[in-house]
């Protein structure tokens with residue numbers, strides 16, 4: 001099996017290993033002293049999660065592509081590698097990340113993307129970041145470097161630990177390298193749009209999702225519906241004919257604006273809630289402005305309603321609500337855990353980070 005020429009040369013690799021040695025030493029010192037560490041890459045998602053008071057530990061110096069196998073659809077890179085650099089490399093080979101990761105800034109890194117567990121508009125159709133991760137190399141709170149997943153190291157309890165670290169916000173271990181699955185870029189894409197309210201759009205998006213249509217995005221803001229189709233040109237033409245009276249829209253960066261929260265919807269100071277629901281759930285009776293994404297499964301809400309009201313409304317529909325941006329981050333940003341899940345989270349934290357030094361408070365105050 002050959003390795004793509006993008007593999008790091010000896011000099012950058014040596015610099016990265018030097019950065020790793022320094023990180024290991026910092027973590028061991030913090031562990032011995034009980035010092036809380038605030039782990040960051042490009043720091044583009046600092047707004048998401050609870051506030052952390054701790055000593056900054058940057059993984060930005062530990063960057064670079066380790067290996068890339070275009071024919072195998074796998075890339076392995078160090079956690080400090082910028083997402084923009086990785087996506088440019090994949091584009092050269094006609095490939096992409098299927099989960100369409102949001103960056104929220106030019107310095108977004110692979111480690112931060114995987115740790116935050118965020119996916120863009122293509123997620124229901126191309127899979128999540130957790131689906132794409134094949135293996136990781138990580139640094140524990142005690143300063144040990146371990147490898148899970150693709151290199152066949154498995155926890156005795158049977159957990160898929162490489163995926164357990166996805167969306168853990170660096171509270172269990174520090175990601176060092178990630179092996180991640182990529183997908184071929186579609187040969188053609190079109191965006192269709194039409195005036196439509198949320199009550200009409202939700203059942204329509206769900207009906208389309210149950211069919212053979214090549215969907216790769218479906219968004220409604222209460223005024224209009226936007227649908228993206230990806231695939232072979234002939235298939236797109238057939239799908240467009242089957243979907244009825246929608247107009248073809250100019251691409252003009254619309255899906256990137258959705259992914260990166262650049263639409264006018266996101267530009268006011270009210271708290272922004274991310275609400276996850278079964279996709280066919282009717283519109284919730286909450287005040288504020290809505291943007292429906294993922295064909296109905298992810299809903300963004302701008303509201304001044306209280307956290308208890310928002311979370312109760314989501315829970316009544318078998319969903320949950322996360323305070324994504326703004327609001328009072330001194331309280332619970334993520335939904336409170338039921339007793340059983342809280343015990344499980346505490347046990348995982350005890351196993352990975354018993355002294356509670358890694359990103360303590362980023363997800364839950366005592367973890």
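Taking segment 236-284, which residues are outside any loop (DSSP other than H, G, I, E, B), in contact with a strand residue (DSSP E or B) (Cβ under 8 Å, 6 or more places away or on another chain) and exposed (fewer than 15 other Cβ atoms within 10 Å of the Cβ)?
247, 248
Would you say residue 295 is in contact (Cβ under 8 Å) with a residue 12 or more places away in the chain, in contact with a helix residue (DSSP H, G or I) (Cβ under 8 Å, 6 or more places away or on another chain) and farther than 24 Å from residue 206 by Cβ? Give the derivation first.
Details: in contact (Cβ under 8 Å) with a residue 12 or more places away in the chain: yes; in contact with a helix residue (DSSP H, G or I) (Cβ under 8 Å, 6 or more places away or on another chain): yes; farther than 24 Å from residue 206 by Cβ: no.
Taking the combined requirement at face value, the residue does not satisfy it.
Among the candidates 356, 362, which residue alone is in contact (Cβ under 8 Å) with a residue 24 or more places away in the chain, out of contact with any strand residue (DSSP E or B) (no Cβ under 6 Å at 6 or more places or on another chain), closer than 30 Å to residue 125 by Cα and not assigned by TED's automatic domain parsing to the domain that holds residue 262?
Details: 356 fails: closer than 30 Å to residue 125 by Cα.
On inspection, the qualifying residue turns out to be 362.
Results for (1) surrounded by 15 or more Cβ atoms within 10 Å (Cβ to Cβ); (2) under 18 Å from the mean Cα position of the chain (by Cα), shown as yes or no for each residue.
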{"residue": "292", "(1), (2)": "yes, yes"}
{"residue": "295", "(1), (2)": "yes, yes"}
{"residue": "300", "(1), (2)": "yes, yes"}
{"residue": "303", "(1), (2)": "yes, no"}
{"residue": "307", "(1), (2)": "yes, no"}
{"residue": "316", "(1), (2)": "no, no"}
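Inspect segment 43-54 for any residue being within 20 Å of residue 162 (Cβ to Cβ) and either buried (at least 20 other Cβ atoms within 10 Å of the Cβ) or in contact (Cβ under 8 Å) with a residue 12 or more places away in the chain (or both) and give the result as yes or no. Show your work before the answer.
First, pick out the residues of segment 43-54 that are within 20 Å of residue 162 (Cβ to Cβ): none.
The answer is no, given that none of the residues of segment 43-54 is within 20 Å of residue 162 (Cβ to Cβ) and either buried (at least 20 other Cβ atoms within 10 Å of the Cβ) or in contact (Cβ under 8 Å) with a residue 12 or more places away in the chain (or both).
Does residue 202 meet the test of being over 17 Å from residue 255 (Cα atoms), buried (at least 21 other Cβ atoms within 10 Å of the Cβ) and either at pLDDT 95 or above or out of contact with any strand residue (DSSP E or B) (no Cβ under 7 Å at 6 or more places or on another chain) (or both)? Step through it out loud before you land on a result.
Numbers: over 17 Å from residue 255 (Cα atoms): yes; buried (at least 21 other Cβ atoms within 10 Å of the Cβ): yes; either at pLDDT 95 or above or out of contact with any strand residue (DSSP E or B) (no Cβ under 7 Å at 6 or more places or on another chain) (or both): yes.
For residue 202, the condition - over 17 Å from residue 255 (Cα atoms), buried (at least 21 other Cβ atoms within 10 Å of the Cβ) and either at pLDDT 95 or above or out of contact with any strand residue (DSSP E or B) (no Cβ under 7 Å at 6 or more places or on another chain) (or both) - is met.
Considering only residues of segment 324-345 that are under 23 Å from the mean Cα position of the chain (by Cα) and part of a helix (DSSP H, G or I), which is surrounded by the most Cβ atoms within 10 Å (Cβ to Cβ)?
345
If you scan segment 208-235, which residues turn out to be more than 25 Å from residue 299 (Cα to Cα) and in a strand (DSSP E or B)? First the steps, then the outcome.
Here is the first cut: in segment 208-235, the ones more than 25 Å from residue 299 (Cα to Cα) are 231-235.
Within segment 208-235, just 231 meets the criteria.
The values are calculated or read from the model by the stated rules, or taken from the named source; none is laboratory data. Since this is a predicted model, take the numbers as computed values, not measurements. When we count neighbours, we look across all protein chains shown, and the Cβ atoms used for this are built from the backbone with ideal geometry, even at glycine.
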